[in-house]
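Undergrad: Provided herewith is a single structure, encoded as structure tokens, for subsequent inquiry.
The values are calculated or read from the model by the stated rules, or taken from the named source; none is laboratory data. Because the structure is predicted, anything quoted here is derived from the model rather than measured. When we count neighbours, we look across all protein chains shown, and the Cβ atoms used for this are built from the backbone with ideal geometry, even at glycine. The area values use the complete protein model at the heavy-atom level, side chains included, leaving out ligands, DNA and RNA. Shrake-Rupley method; radii C 1.70, N 1.55, O 1.52, S 1.80 Å.
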Amino acid sequence: MNDALEMSREGLQEIFLKWNEPKFRADQLCQWIYAKKIFNYHDMSNLSKELRDKLSGNILMSLPVLIKQLKSRDGTKKFLWQLNNNNRVESVLLDHGNYKTACISTQAGCPMKCIFCETGANGFKRNLTQGEILGQFLMMEKFNKADINNIVFMGMGEPFLNEENLFKVIRILNDKKMRNLGARHITISTCGIIPGIEDLTGFEIPVRLSVSLHAPNDILRNKLMPVANNNYPVQKLANALKFYRSKTGERITIEYALIDRVNDFPENAYELAALLDGLEPYINLIPFNAIPSRPELKRSDESRVKNFMAVLRELNIEFELRRERGSDIMAACGQLAGNNKQ
Ligand code: SAH
């Protein structure tokens, strides 16, 4: 049976045409779902009773089921969702006062096994479907009782390993007759999957790109991000990013979590600058967040962070030290596990 969130607008149009209904019924349905967050066909009051019954009988409306919601002292909220086959994922809602950002998962678990990330420590279950990815966002908007301004694919999983569904989701979010979310409000974060970056270079919607680099050379990056870096070593990755930048004109954000005495030496900052020379990146320094599976990894102390930043400043590299959010509820970067423990 068809499922509404698994369908494109064209797919819905086809169904209405088959039912001898005008095509614009699909737009009406999309308005209810994506703009008004009304998921019950019987509440869609501009459709006839007969059509509402027909929709209920023929098109499922599967949504993630909320198991748990936690609220951080800083206002960040974490949602744990139940999906099919007992798979669970988490999403995070970041509250920046006048705007909000939803951090969404694209996979249940993650196969990349980056050593500093709790999601990877728990193994990989499966890719999420288009509807499961959209469902997290729409349900959060429903709970939030207002639109959320930004979406970042920075939750559990590696978005470019689920590229087909990721791109379908982005088309739906961006579609003026569906969620109508601007390209500049959508960010993909990747551990450096080069084919995904290449496909994004030719993608019709100019979303933002963030790359989790965390190390400026192969020796260190192989240790920290073994799966990603064995397949896509740093120099090749840097070249793919430069190509993306030259083709699209877009600036790329580089994520770099500072781990005490691992990747926070001033030499690392010099190497990082050399690797990214010509890219004009925007570097996001992330305070490392502690994870249960790797107690030996620690956050860099203030003086080491200062020294690292001093090098970047000296080399005129634009950067920001990101404020950590939601760590008291295990909702900060790298802490999502998709379980019920927190
Ligand atoms: N797989 C994608 C999406 C995950 S995004 C990616 O790698 O980009 C989650 C972000 O948090 C990534 O930048 C990741 O590298 C970072 N991260 C993971 N574990 C972390 C930790 N313990 N502390 C700080 N940042 C972490």
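Undergrad: Rounding to the nearest 20 debye, state how big the charge dipole of segment 1-96 is about its Cα centre with +1 on each Lys and Arg Cβ and -1 on each Asp and Glu Cβ. Walk me through the intermediate numbers first.
TA: Working: 15 positive and 12 negative charges, 73 e Å.
For this selection, approximately 360 debye.
Undergrad: Projected onto the charge dipole of the chain (+1 at Lys/Arg Cβ, -1 at Asp/Glu Cβ, origin at the Cα centre), which of S72, P287, C333 gives the Cα projection farthest towards the positive end?
TA: S72
Undergrad: Can you work out the FRET efficiency for the pair E320 and K49, with r the C-beta to C-beta distance and R0 = 45 Å, to the nearest 0.05?
TA: On the way: r = 54 Å, r/R0 = 1.20.
Approximately 0.25, to the nearest 0.05.
Undergrad: With Cβ to Cβ distances under 13 Å as the rule, what net charge do the other residues near L93 carry (K, R +1; D, E -1)? Each step should come with its number before you reach the end.
TA: On the way: positive: K71, K77, K78, K100, K142, K145, R325; negative: D74, E90, D95, E141, D147.
Charge balance near L93 sits at +2.
Undergrad: Note down the relative contact order for segment 1-131 as a percent, whole number, built from C-alpha pairs under 8 angstrom at least six residues apart. All intermediate terms of the calculation are to be shown ahead of the outcome.
TA: Numbers: 170 pairs, mean separation 21.6, N = 131.
Reported relative contact order: 16 percent.
Undergrad: Just to confirm, what accessible area per residue do you get for the chain at 1.4 Å probe, in whole Å²? Could you put the intermediate results ahead of the total?
TA: On the way: 15080 Å² over 342 residues.
I get 44 Å² per residue for this part.
Undergrad: Measure off, as a whole percent, the carbon and sulfur share of the 1.4 Å-probe accessible area of segment 251-298, all protein chains present. The partial results should precede the final answer.
TA: Working: 1090 of 1960 Å².
After summing per-atom areas, the C and S share lands at 56 percent.
Undergrad: While we're here: How big is the gap, in Å, between the Cα center of segment 153-223 and the Cα center of segment 269-288?
TA: What the calculation gives is 19 Å, centre to centre.
Undergrad: So, one more: Taking the Cα of E10, stepping 7 Å toward and past its beta carbon, and measuring to each backbone N in segment 190-218: which are under 18 Å?
TA: Residues 203-205 qualify, since their backbone N sits under 18 Å from the label point.
Undergrad: For the modelled label position 7 Å from the Cα of D3 along Cα-to-Cβ, which residues of segment 34-69 have backbone nitrogen atoms closer than 20 Å?
TA: Output list for this probe position: 34-35, 37-42, 55-68.
Undergrad: I would also like to ask the following. With an 8 Å cut-off on Cα pairs and a minimum separation of 6 or more residues, tell me the relative contact order of the chain in percent.
TA: Numbers: 641 pairs, mean separation 55.0, N = 342.
Result for the chain is 16 percent.
Undergrad: About its Cα centre, what dipole magnitude does segment 197-342 give when the only charges are +1 on Lys and Arg Cβ and -1 on Asp and Glu Cβ, stated in debye to the nearest 20? Don't jump to the answer; show the numbers that get you there.
TA: Details: 19 positive and 20 negative charges, 57 e Å.
About 280 debye.
Undergrad: Counting Lys and Arg as +1 and Asp and Glu as -1, each charge on the Cβ, what is the dipole of the chain about the Cα centre in debye, to the nearest 20?
TA: Values: 46 positive and 40 negative charges, 170 e Å.
The dipole of the chain has a size of about 820 debye.
Undergrad: Here's something else I'd like to know. Cβ under 14 Å from L285's Cβ, L285 left aside: what net charge do those residues give with Lys, Arg +1 and Asp, Glu -1? Intermediate results must be reported in sequence, preceding the final value.
TA: Numbers: positive: R299, R304, K306, R313, R322, R323; negative: E255, D260, D264, D301, E302, E318, E320, E324.
Net charge in that neighbourhood comes out at -2.
Undergrad: What does the charge count near N339 come to, summing +1 for each Lys or Arg and -1 for each Asp or Glu among other residues with Cβ under 14 Å from its Cβ?
TA: On the way: positive: K68, K78, R88, K125, K341; negative: E90, E118.
Its environment carries a net charge of +3.
Undergrad: Set the Förster radius R0 to 45 Å, insert the Cβ-Cβ distance between K113 and D328 as r into 1/(1 + (r/R0)^6), and round the FRET efficiency to 0.05. Before the final figure, lay out each step's value.
TA: Details: r = 26 Å, r/R0 = 0.58.
In this case the efficiency is close to 0.95.
Undergrad: List the aspartates and glutamates whose Cα sits under 12 Å from the Cα of K78, skipping any in the same chain fewer than 8 residues away.
TA: E90, D95, D328
Undergrad: For segment 209-342, give me the percentage of DSSP beta bridges that are antiparallel, rounded to the nearest 5 percent. Spell out each step's value before the answer.
TA: Values: 1 of 13 bridges.
Around 10 percent antiparallel, to the nearest 5.
Undergrad: Let me ask you something else. Work out, step by step, the length gained on full extension between K71 and E302: first 0.36 nm times the residue separation, then minus their alpha carbon distance; give nm to one decimal.
TA: On the way: separation 231, 0.36 × 231 = 83.16 nm, distance 2.73 nm.
Residue separation times 0.36 nm, minus the Cα-Cα distance, leaves 80.4 nm.
Undergrad: Once you put a point 7 Å from the Cα of K223 and another 7 Å from the Cα of S56, both along the Cβ direction, what distance in nm separates them?
TA: Rounded to a tenth, the inter-label distance reads 6.1 nm.
Undergrad: Highest GNM mean-square fluctuation, the chain, Cα pairs closer than 10 Å: which of E267, E280, E158?
TA: Its mean-square fluctuation being the largest, the pick is E267.
Undergrad: What chymotrypsin sites (Phe, Trp or Tyr not before Pro) in segment 58-148 are in a loop by DSSP, with at most 16 other Cβ atoms within 10 Å of the Cβ?
TA: Values: sites: F79, W81, Y99, F116, F124, F137, F143; in loops: Y99, F116.
Answer by residue number: Y99.
Undergrad: Expressed in nm to one decimal, what extension gain is obtained for the pair Q31 and N144 from 0.36 nm per residue of sequence separation less their Cα-Cα distance?
TA: On the way: separation 113, 0.36 × 113 = 40.68 nm, distance 1.78 nm.
Taking Q31 through N144 to full extension adds about 38.9 nm, to one decimal.
Undergrad: What longest range of the chain stays clear of loop-exposed trypsin sites (Lys or Arg not before Pro) (DSSP non-H/G/I/E/B, at most 16 other C-beta within 10 angstrom)?
TA: Values: sites that count: K23, K36, R73, K113, K145, K176, K177, R251, R261, K298, R322, R323, K341.
Longest stretch, sites excluded: 178-250.
Undergrad: Mind jotting down the distance between the C-alpha centroids of segment 36-52 and segment 1-29, whole Å?
TA: 13
Undergrad: For segment 70-197, which whole percent of the accessible surface, found with a 1.4 angstrom probe, sits on carbon and sulfur atoms? Intermediate results must be reported in sequence, preceding the final value.
TA: Details: 2230 of 4570 Å².
Carbon with sulfur: 49 percent of the solvent-accessible area.
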